[in-house]
Amino acid sequence: MAKARLEYVWLDGVLPTQKMRSKTKIVSDFSGKLEDCPMWNFDGSSTEQAVGNDSDLLLKPVNIFKDPPRKNGYIVIAEVLNPDGTPHPTNARATIHDDDNDFWFGFEQEYVLWDLSHHTPYGFPAPGYFPPPQGPFYCSVGAEFNVGRDIIEEHLDQCIEAGLNIEGINAEVMKGQWEYQIFAKGAKEAGDQIWAARYLLERIGEKHNVRINLDPKPVEGDWNGSGMHANFSNTTLRTCGSKEIYEKICEAFSPQEVIDKHISVYGEGNDLRLTGAHETAPIDKFTYGVSDRGASIRIPIMTVENGYKGWLEDRRPASNADPYKVASVIIDTVKSVKL
């Protein structure tokens, strides 16, 4: 009787930056289909999601991917439910409205490989010392500038084998900083794939004693922070062919109450990153512009050259942001526009 390993992955209740938790369920003669993943439960009192005398919470399977390194292995993305089957307050995925796949998302996940032996970014010298100023590390080649490629290539291979729609990788501006891009149709699907990719990368990091650092500003000073730029479109953005409509949608992001709503879910510690320097806009202001990497929202040049048929890029989300929350607030703002 064949045995399969189902790795249930969920988000805990450690706010404001929830972390992944996971555990393995062994099942027999598994079909590989989501509908055959059983409901499960866990001790919510150990994840800050319940109290000890009423601790059982449910894990509802909502997506499934192959788990490449494990024989007959699967990653099961799960939502956290209360015992009565209602979404737990920490379950952001369940709050996404109107997820009819009209909205497409491409997340650019930046992160820093963090050497746990030296408590520095991978490739940095001993604490208190620094490598040469940033400049030669972006899309770099060669051992002097490019560090951790073996980790990144292993992650790329696993994402492809898992069936994730990973679209690329590159070394980023700070030494030891990298990025991968995930694209999916539908906010929930995009969020699921980001969390699955994060999970695979964390597990690879365990083998190398490397932390996957998602802090928005991992190194103080003249160093780039880490973001999770959110590229998004809907049918209107993909087909309208109108500069005026693009500007009207961008303007919907500009009122102060809307800025505050977005920033509240765009990641913890993002004020250290969104300073107006290092390819960012100030956290308390909203701007947009064509090809402007110092704006809150960039209108890609390819969108303009295609006659304003394409997508927008919100550059404000931090690397540690929850993609479910980011997608949800973007959908709400775009859908508020009366065209």
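Please treat every number below as a calculation from the coordinates, not as lab data. Keep in mind the model is a prediction, meaning the values are calculated, not measured. Reconstructed Cβ throughout: ideal geometry from the backbone, glycine too, with neighbour counts over all protein chains shown.
Listed values, structure above:
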| item | result |
| --- | --- |
| Cα centroid of segment 176-211 to Cα centroid of segment 279-339, whole Å | 21 Å |
| Cβ crowding within 10 Å averaged over residues, with 73-81, 162-170, 228-236 ranked highest first | 73-81, 228-236, 162-170 |
| Calculated log₁₀ intensity ratio I(q)/I(0) where the Debye formula runs over C-alpha points of segment 3-91, q = 0.11, 0.14, 0.26 Å⁻¹ | -0.30, -0.48, -1.28 |
| Radius ratio Rg over Rh of segment 115-221, counting only Cα atoms, Kirkwood formula for Rh | 0.98 |
| Amide H within-cut-off set for residue 292, under 5 Å, with H built and near neighbours excluded | 299 |
| Contact order normalised by residue count of the chain, Cα under 8 Å, 6+ apart, percent | 16 percent |
| Sorted peptide list for 238-249, 189-200, 86-97, criterion being average Cβ within 10 angstrom, highest first | 189-200, 86-97, 238-249 |
| DSSP-defined antiparallel bridges as percent of all bridges, the chain, nearest 5 | 90 percent |
| Karplus 3J(HN,Hα) series, Hz, for segment 249-257 with 6.51 cos²θ - 1.76 cosθ + 1.60 (x for Gly, Pro) | 5, 4, 5, 5, 8, 8, x, 4, 5 |
| Part-to-part distance (alpha-carbon centres) for segment 36-62 and segment 214-274, which is given in Å | 33 Å |
| Debye intensity ratio I(q)/I(0), log10, segment 84-163, q values 0.11, 0.16 Å⁻¹ (C-alpha model) | -0.57, -0.86 |
| Size of charge dipole - segment 3-91 - debye, nearest 20, with Cβ of Lys, Arg +1 and Asp, Glu -1, no other charges | 540 debye |
| Whole-number percent relative contact order across segment 3-91, with pairs defined as alpha carbons under 8 Å at least 6 apart | 31 percent |
| Part-to-part distance (alpha-carbon centres) for segment 107-131 and segment 1-35, which is given in Å | 30 Å |
| Estimated D of segment 274-316 in µm² per second, where Rh is the Kirkwood radius over Cα pairs and Stokes-Einstein applies at 20 °C, 1.002 mPa s | 207 µm²/s |
| Rounded to whole Hz, the Karplus (6.51, -1.76, 1.60) HN-Hα couplings of segment 227-241, x for glycine and proline | x, 9, 3, 10, 8, 9, 7, 9, 4, 4, 5, 6, 10, 5, x |
| Per-q log10 I(q)/I(0), the chain, q = 0.12 Å⁻¹ (Debye; single scatterer per alpha-carbon; no solvent) | -0.90 |
